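Structure, as structure tokens:
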Amino acid sequence: MEVSTLPISASHRGKLISSGYTSLSSLSSVSPSRLAQDLKISENEAVEILKVVSRRSGSEKIENGNHAIMNGAQTAWDMLHEEESSVCITTSCSDLDVILGGGIHCKEVTEIGGVPGIGKTQLGIQLAVNVQIPSGYGGLGGKAIYIDTEGSFMVERALQIAEACAQDMLEYDNLLRKDSQACRVIKQPKAFLENIFYFRVCTYTEQIAVINYLEKFISEQKDVKVVIVDSITFHFRQDFEDMALRTRLLGGMALKLMKLAKQFKLAVVLLNQVTTKYKEGSFQLTLALGDSWSHASTNRIILHWNGDERYAYLDKSPSLQSASAPYAVTGKGIRNAAPNCKRVKLM
Amino acid sequence: MIESQCRPQFNGLELLEDAQLNKRILSTGCERIDLLLQGGLRVGHVTELAGPSSSGKTQVCLKVASHVARKYSGTVMYFDSGNSFSPKRIVQFLTQESDPANTEVDEIVQRVMSSIVCYSIFDIFTLLDMLHQLMNNLKSEIGCNVRMLIIDSLSSLIAPVLGGGGAHGHALMVTAGFLLKELAHEHNLSIVVTNHMVAGEAGSSKPALGDSWKSIPHVRLLLHRYRATNDSCISILKHPYLNCITVPRALNL
């Protein structure tokens with residue numbers, strides 16, 4: 001039944017099959033008004049169905065033999081060149097940047113998870129500020145979308161981090177580019193806040209709705225380079241009775257985010273919580289949302305405590321080795337961990 | 001009219017000739033996996049790689065893509081649903097395999113990378129479209145000679161539609177599976193798909209996509225990585241003619 005492989009709604013599909021339209025060829029020569037009459041739907045809906053059919057039959061036309069066999073395919077050689085010229089979003093902690101291969105990569109979905117209080121939201125806000133660093137300073141010069149599901153985004157903190165970032169850029173200017181006045185772009189901290197688009201979602205349906213809406217939003221805004229979801233788990237953990245539905249919704253959401261990342265060449269950062277899992281005889285901390293969600297991201301970073309220090313561990317990456325790096329959360333945001341801090345341990 | 005729709009018949013001898021001439025074995029580039037599979041991946045087979053997250057499925061796919069594109073002439077098609085195709089990693093694999101004194105490494109890298117074609121797919125309907133298109137192109141013998149098709153990962157494309165009371169998701173999955181088998185057999189491709197794991201009974205894991213999927217791939221391999229030692233092992237879950245065994249320390253990538 002070729003009709004069952006068309007991306008149309010279940011009710012239309014059912015009506016098509018019960019009226020006898022089971023193959024694509026039977027739909028290729030029918031007029032919209034005739035189809036609307038047979039299926040008892042509106043003529044607009046019939047036109048939509050026929051559009052989908054013609055797209056499918058159109059794609060079956062023979063492509064002229066060229067190197068990329070099908071539309072939209074890219075050879076690995078072209079992709080390599082694109083990758084070499086792409087810029088990463090720095091995390092402001094050079095150790096962390098090193099293990100990430102330069103920072104958070106665009107066109108990829110990165111999942112960052114950790115226990116409460118480890119600094120996930122801080123890292124999210126830092127990235128929302130750092131994406132706006134102009135290209136003269138090695139940044140992307142783009143805008144950020146921050147989807148807040150927990151209510152943990154604090155504007156005052158974002159302003160503090162933006163001020164520190166502007167201060168850093170000024171110092172960089174003074175140190176290294178004393179003579180060139182041409183590229184001096186003095187960014188005010190408030191300007192950083194203007195370029196962060198903030199969405200607050202309160203239920204899982206709102207979350208899915210926002211992610212569906214993002215495609216339209218980003219094609220209108222045109223400069224968005226990072227989408228941060230803090231956190232992706234919150235609304236899916238409480239009161240979800242139907243686990244199978246949850247898996248399907250999460251799977252669909254993951255694919256949409258992947259598509260956004262690839263289509264608009266932006267980075268998607270998902271912040272996740274932890275849960276305990278009984279594995280190999282003991283309870284271990286793993287990221288929430290289960291096994292099937294762990295395949296939804298391109299890269300995964302796990303933040304954890306090691307004694308008194310915060311560490312970031314790169315758990316999953318297609319091209320980088322697993323590695324660990326310490327970082328610190330300071331008044332200025334995420335920075336390198338202070339070296340060899342001797343703390344007095346009170347017994 | 002029924003005869004014209006019927007598929008052509010083969011007798012045993014013709015099948016054997018076809019197997020010997022057309023259905024070669026493609027080496028994977030990983031010595032131990034080749035040893036496990038007695039040569040490598042067979043043309044005409046759909047091979048499934050299942051494993052938990054970060055067990056090395058994408059790494060095996062990238063290694064196989066780079067090795068097959070390098071050693072056997074022809075195109076390798078890579079359908080990526082997780083933006084995990086890494087050209088940098090392919091260059092690493094190619095330079096690892098080459099002799100360091102060889103000055104033509106750059107040319108080799110360019111030639112091989114130009115014959116690996118990557119396509120990003122984010123839903124099951126696009127996948128079916130692409131498979132139909134590929135089938136039509138191969139039937140009319142237009143375009144380069146395609147040697148291998150890798151889909152990473154098939155389970156993330158099917159998971160959003162599977163289940164939920166209706167059988168539509170199952171129908172799409174089985175349609176895709178049979179299309180892959182037809183492509184592999186009729187057009188002499190070797191197909192590799194990846195699958196993730198879900199929770200099974202009593203805390204163990206099992207490959208996703210359920211019982212209806214189990215019978216579709218010809219060969220099913222399970223990967224596992226031990227975090228403590230960073231070792232990995234690969235086992236055969238299902239094979240037409242080999243025993244189910246496990247090989248440790250398989251992936252020294």
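If you scan segment A:70-90, which residues turn out to be touching a helix residue (DSSP H, G or I) at 6+ places or on another chain (Cβ under 6 Å) and more than 14 Å from A:Lys265 (Cβ to Cβ)? Passing the criteria: A:Met70, A:Thr75, A:Ala76, A:Trp77, A:Leu80, A:Thr90.
For segment A:1-44, filtering for residues that are outside any helix (DSSP H, G or I) and either within 14 Å of chain B (Cβ to nearest Cβ) or of a type in the set (Val, Ile, Thr) (or both) leaves 9.
Conditions (1) surrounded by fewer than 17 Cβ atoms within 10 Å (Cβ to Cβ); (2) at pLDDT 90 or above; (3) over 19 Å from the mean Cα position of the chain (by Cα), marked per residue:
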| site | (1), (2), (3) |
| --- | --- |
| A:Leu285 | yes, no, yes |
| A:Ala296 | no, no, no |
| A:Leu303 | no, yes, no |
| A:Gly307 | yes, no, yes |
| A:Leu314 | no, yes, no |
| A:Pro318 | no, no, no |
| A:Ser322 | yes, no, yes |
| A:Ala325 | no, yes, yes |
| A:Val329 | no, yes, yes |
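Of the residues B:Leu162, B:Leu179, the single one that is modelled with pLDDT of 90 or more and within 11 Å of chain A (Cβ to nearest Cβ) is B:Leu179. Among the residues of segment B:111-133, which ones are more than 7 Å from chain A (Cβ to nearest Cβ) and either more than 16 Å from the chain's Cα centre (by Cα) or part of a helix (DSSP H, G or I) (or both)? Matches in segment B:111-133: B:Arg111, B:Val112, B:Ser115, B:Ile124, B:Thr126, B:Leu127, B:Leu131. Residues that are away from every other protein chain (no Cβ under 14 Å), within 30 Å of B:Leu134 (Cβ to Cβ), assigned to a loop (DSSP other than H, G, I, E, B) and within 19 Å of the chain's Cα centre (by Cα) do not occur anywhere in segment B:194-213. Could you list, in sequence order, all residues of segment B:28-51 that are surrounded by fewer than 18 Cβ atoms within 10 Å (Cβ to Cβ) and part of a loop (DSSP other than H, G, I, E, B)? Listed by number, the residues that qualify are B:Gln38, B:Gly39.
Per the listing B:Ser73, B:Ser66, the residue uniquely in a helix (DSSP H, G or I) and small (Gly, Ala, Ser) is B:Ser66.
Among the residues of segment A:260-274, those that are within 11 Å of chain B (Cβ to nearest Cβ), touching a helix residue (DSSP H, G or I) at 6+ places or on another chain (Cβ under 8 Å) and assigned to a helix (DSSP H, G or I) comprise A:Leu260, A:Gln263.
The values are calculated or read from the model by the stated rules, or taken from the named source; none is laboratory data. Source: prediction; values computed, not measured. Positions of Cβ are generated from backbone atoms using ideal geometry, with glycine treated the same way; all protein chains shown enter the neighbour counts.
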